[in-house]
Amino acid sequence: MRPLGSRFTNRRWAVLALAAAFLAGQGIGAQDQAPTRKDVTIVVKDFRFSPARVEVSVDTLVRVSVQSEDVAYSFTIDEYRVAKRVPAGGTVVFEFRADRAGTFPFYSSLTSDARHAKARGELVVSGR
């Protein structure tokens, strides 16, 4: 009969070996690939976004640069909880993961001038 300590050690090794075999069989390394990235530059001037339509694939890490060429704006996508202020003549840069498919409006939510309501566009996230 083996001492209690060696049975515990053997059992621990057996569990670790089974866990390692399971994880290797699941292809865990293949699932941990770097996400797809996309850089998007949007220029806003005269209360219009350009481009007004941005297309990405689901699970893309989107890096957005919004540049104002005149007054201050905001860049808002409600469904992704994005709300960024763009200073007059300035730029704001941020990232988010497009984690669900669909068409999502973006707009300037500022109310200092009624023309902000014209600053609209759409983010189109397509399935893979």
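The conditions are (1) within 22 Å of PRO35 (Cβ to Cβ); (2) part of a loop (DSSP other than H, G, I, E, B), and ALA88 fails exactly one of them. Which is it?
Just one mismatch for ALA88, condition (1).
Has region 70-79 got at least one residue that is loosely packed, with under 14 Cβ neighbours inside 10 Å, under 17 Å from PHE106 (Cα atoms) and at pLDDT 70 or above?
Yes, that holds for at least one residue.
May I ask you to list the residues in region 60-115 that are under 16 Å from PHE49 (Cβ atoms) and of a type in the set (Val, Ile, Thr)?
VAL62, VAL64, VAL66, VAL71, THR76, ILE77, VAL82, VAL86, THR91, VAL92, VAL93, THR103
The values are calculated or read from the model by the stated rules, or taken from the named source; none is laboratory data. All values reported here derive from a predicted model rather than from experimental measurement. We place every Cβ from the backbone using ideal geometry, glycine too, and count neighbours over all the protein chains shown.
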